[in-house]
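This report refers to the structure that appears directly beneath it.
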Ligand SMILES: Nc1nc2c(ncn2[C@@H]2O[C@H](COP(=O)(O)OP(=O)(O)O)[C@@H](O)[C@H]2O)c(=O)[nH]1
Ligand SMILES: [Mg+2]
Ligand SMILES: [Zn+2]
């Protein structure tokens, strides 16, 4: 549900970057969304359509780079893929998993005219 | 799924009209979407530290008993500790009024369509308590087991509440929240005789998701477990005070 606010913020960031660089229109925005960021990419896409109207981003392309979750087990050191619902290490069954990757939620590129 | 937008997890993709063919300028950025909230949270944390405040962020689904636990706790501890409460709800000031009735200062923050409190709202909320000598600030977040997990408010800890009527598998269904919390309070244990709720199973699920969790079980109806919770609060405030003293040296 908080995708709406985050998408508005994404648009603010892209507009600011565009203005700072003397651009009048944004063509594309690239964002990274990690599997463990607690954000539904489809919701961001939907909100983007609505929220970009009347901004420098109107009609622009949203590119979402989905980052899979990766973790490491504190007990056996094995690395594994993680989603929000992973609670145990697939190797040893241990419950202590360190999150190495997948919490990303950031704007990485703005393409302007 | 996003109820604000009404879109479902259908995996649909929106096609945005591709801009003209000539290459645009690609500007590299590296800006975290939560960075703005995190900056406000850091400012709150500085303020809390300066004032030596202990701050808890209470999160749960609607109706788990957050306001009731606050009413009970404030009524019984306000003679020894100075509290203030920030109440978050989408609408109404009902909860702030319930708290104010105990005699503890309370401010309502209405988030409107927002599904969580953010650090900026908390910063402004705290302005209302600027002149008060305080020990503990309790923040009651909007009833929601999803969104508040992602937003740091500058608090010492998130306290998740789960009532025994909600089902023991909630920690597995909403792992983000139970992972973000340091403390879990199982509420309404007076109702256990009427339910098929396996409290040990629930605790085991919660610890699977977050082995660090400290768990309390209590009832505001018959008072079971409350002394344990109060003692813990007293210990935490004592620890905070000795930390503040060390800071001052
Ligand atoms: N039986 C029982 N009911 C409770 C207890 N704590 C709260 N309730 C009831 O649960 C409902 C919701 O409580 P409330 O504090 O408003 O929940 P909140 O939405 O989390 O703030 C109210 O009707 C309370 O009276 C409890 O310990 N036992
Ligand atoms: Mg309430
Ligand atoms: Zn392992």
Do we find a residue being more than 30 Å from residue A:19 (Cα to Cα) and in contact (Cβ under 8 Å) with a residue 60 or more places away in the chain anywhere in region A:90-100?
-> yes
Can you name the condition, by its number, that residue B:136 falls short on among (1) within 14 Å of chain A (Cβ to nearest Cβ); (2) in contact (Cβ under 8 Å) with a residue 60 or more places away in the chain; (3) more than 13 Å from ligand 1 (Cβ to nearest atom)?
-> (1)
Filter region A:47-60 down to residues that are surrounded by 23 or more Cβ atoms within 10 Å (Cβ to Cβ) and either within 7 Å of another protein chain (Cβ to nearest Cβ) or on the phi > 0 side of the Ramachandran plot (or both), then give me how many there are.
-> 2
Taking residue A:24 and the conditions (1) facing chain B (nearest Cβ under 9 Å); (2) in contact with a helix residue (DSSP H, G or I) (Cβ under 8 Å, 6 or more places away or on another chain), which numbered condition does it fall short on, given that it satisfies the others?
-> (1)
Yes or no: residue B:161 under 28 Å from residue A:95 (Cα atoms), within 14 Å of chain A (Cβ to nearest Cβ) and either surrounded by fewer than 19 Cβ atoms within 10 Å (Cβ to Cβ) or at pLDDT 95 or above (or both)?
-> no
Within region A:22-31, restricting to residues that are more than 12 Å from the chain's Cα centre (by Cα) and in contact (Cβ under 8 Å) with a residue 12 or more places away in the chain, the one that is surrounded by the fewest Cβ atoms within 10 Å (Cβ to Cβ) is A:24
In region B:86-100, what count of residues is obtained for those that are touching a helix residue (DSSP H, G or I) at 6+ places or on another chain (Cβ under 9 Å) and either without any contact (Cβ under 8 Å) to a residue 12 or more places away in the chain or away from ligand 1 (no atom under 15 Å from the Cβ) (or both)?
-> 1
Given the structure, is residue B:231 more than 14 Å from chain A (Cβ to nearest Cβ), out of contact with any helix residue (DSSP H, G or I) (no Cβ under 7 Å at 6 or more places or on another chain), part of a helix (DSSP H, G or I) and within 22 Å of residue B:41 (Cβ to Cβ)?
-> no
Qualifying residue in region A:32-40 (condition: surrounded by fewer than 16 Cβ atoms within 10 Å (Cβ to Cβ), away from chain B (no Cβ under 11 Å), under 18 Å from residue B:34 (Cβ atoms) and under 15 Å from the mean Cα position of the chain (by Cα)) = no
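So which residues in region B:170-201 are in contact with a strand residue (DSSP E or B) (Cβ under 7 Å, 6 or more places away or on another chain) and more than 16 Å from ligand 2 (Cβ to nearest atom), if there are any at all?
B:170, B:177, B:178, B:180, B:181, B:182, B:183, B:184, B:186, B:189, B:199
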Among the numbered conditions (1) modelled with pLDDT under 95; (2) under 21 Å from residue B:60 (Cβ atoms), tell me where residue B:201 comes up short.
-> (1)
Taking region A:1-21 and the residues there that are surrounded by 19 or more Cβ atoms within 10 Å (Cβ to Cβ) and more than 7 Å from chain B (Cβ to nearest Cβ), the one that is farthest from residue B:142 (Cα to Cα) would be A:18
Regarding residue A:93, is this residue at pLDDT below 95, more than 16 Å from ligand 2 (Cβ to nearest atom) and over 13 Å from the mean Cα position of the chain (by Cα)?
-> yes
For region B:60-116 the number of residues that are crowded, with 20+ Cβ neighbours inside 10 Å, in a strand (DSSP E or B) and either within 14 Å of chain A (Cβ to nearest Cβ) or within 14 Å of ligand 2 (Cβ to nearest atom) (or both) is 8
Of the residues B:8, B:52, which single one is surrounded by 13 or more Cβ atoms within 10 Å (Cβ to Cβ), modelled with pLDDT under 90 and more than 7 Å from chain A (Cβ to nearest Cβ)?
-> B:8
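The values are calculated or read from the model by the stated rules, or taken from the named source; none is laboratory data. Predicted model only: the values in this text are computed from it and were never measured. Heads up, the Cβs are rebuilt from the backbone with ideal geometry, glycines too, and the neighbour counts pull from every protein chain shown.
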